[in-house]
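Colleague: There's a structure below that I have some questions on.
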Amino acid sequence: TPFTGGDFLPHLLNQLGACPPREAILSDGAYACGELTAFLRDKLGCRCENGGEIRFRPAIAASTLQSMGLSDGERPDDLSHQLTDQAAGGLAAYLQETQKTDLSHLGPIEVDTAEGRQYMELDLTARRTLELTETFRGGEKRGSLLWVLDKAKTAMGHRLIRGWLEQPLRSPA
């Protein structure tokens with residue numbers, strides 16, 4: 001999900017709160033953003049690593065995606081797709097260097113733009129006070145909305161219900 005403009009940071013933090021990462025590979029510019037790294041480390045308990053700037057350069061990122069079969073080079077040339085390709089290409093290069101294994105199971109990049117966004121944006125405070133997936137005081141699943149609603153029998157069903165709660169749809173229909 002690309003975010004642009006002067007007010008991008010709150011939207012980015014809300015998105016990260018919806019799908020909290022365990023590890024973040026950041027470009028030099030993102031790593032230098034103290035508010036972003038503090039949020040990732042302190043609020044989400046995420047490990048932050050500076051992935052270097054070279055991986056995230058547009059030409060190198062695009063080349064990496066094409067060499068891995070994650071892009072056919074036929075993507076629109078708008079800012080949203082360019083930013084997404086830079087991030088995905090940087091991450092793909094990092095995975096190639098560190099995993100030393102076949103990554104052909106990865107699929108093509110999907111871009112979630114502001115115009116087509118179908119999920120409601122909730123900030124971290126709202127998520128915590130609504131107790132969607134864990135209780136406010138104890139941080140436990142028991143007592144949360146997820147605990148009440150999740151009667152699934154499989155792990156895949158549990159993940160699906162959790163995803164529905166963490167990213168509620170904007171349209172009531």
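Colleague: Counting Lys and Arg as +1 and Asp and Glu as -1, what is the net charge of the other residues whose Cβ lies under 15 Å from the Cβ of S144?
Modeller: Surrounding charge for S144 is +2.
Colleague: Placing unit charges on C-beta atoms (Lys and Arg positive, Asp and Glu negative, everything else neutral), compute the dipole magnitude of region 1-109 about its Cα centre in debye, rounded to 20.
Modeller: Charge dipole of region 1-109: 340 debye, to the nearest 20.
Colleague: What accessible surface, in Å², does a 1.4 Å probe find on T154, ignoring ligands, DNA and RNA and rounding to the nearest 10?
Modeller: Its accessible surface works out to 80 Å², give or take rounding.
Colleague: In the full protein assembly as shown, how much of F3 is accessible to a 1.4 Å probe, in Å² to the nearest 10?
Modeller: Per-residue accessible area (F3): approximately 40 Å².
Colleague: Using the beta-carbon distance between T98 and V148 and R0 = 35 Å, what value does 1/(1 + (r/R0)^6) give for FRET efficiency, to the nearest 0.05?
Modeller: Efficiency computed from Cβ-Cβ geometry: 0.30.
Colleague: Quickly rank 142-152, 10-20 as a protection proxy: mean count of other C-beta atoms within 10 Å, highest first. Walk me through the intermediate numbers first.
Modeller: Details: 142-152: 13.8, 10-20: 16.5.
Put in order of decreasing packing, that is 10-20, 142-152.
Colleague: Across bins of 5 angstrom width beginning at 0, how are the C-alpha pair distances of region 1-129 distributed, in whole percent?
Modeller: Final binned percentages: 2, 10, 18, 22, 21, 16, 8, 3, 0.
Colleague: Could you give the accessible area per residue of the chain, probe 1.4 Å, as a whole number in Å²?
Modeller: 64
Colleague: Full-extension gain between N50 and T4, please, as 0.36 nm times their residue separation minus the C-alpha to C-alpha distance.
Modeller: My answer for the length gained is 14.5 nm.
Colleague: Also, I was wondering about something else. Equivalent ellipsoid semi-axes for region 16-77, as square roots of 5 times the alpha carbon gyration tensor eigenvalues: give them largest first, rounded to whole Å.
Modeller: 27, 14, 10
Colleague: State the percentage of accessible surface on the chain attributable to carbon and sulfur atoms; use a 1.4 Å probe and exclude ligands, DNA and RNA.
Modeller: Working: 5930 of 11100 Å².
The C+S portion of the solvent-accessible surface of the chain is 53 percent.
The values are calculated or read from the model by the stated rules, or taken from the named source; none is laboratory data. Predicted, not measured: the structure shown is a model, and the values here were computed from it. Backbone-built Cβ (ideal geometry, glycine too); neighbour counts: all protein chains shown. Accessible surface is based on the protein model in full, side chains and every heavy atom, while ligands, DNA and RNA are left aside. Shrake-Rupley method; radii C 1.70, N 1.55, O 1.52, S 1.80 Å.
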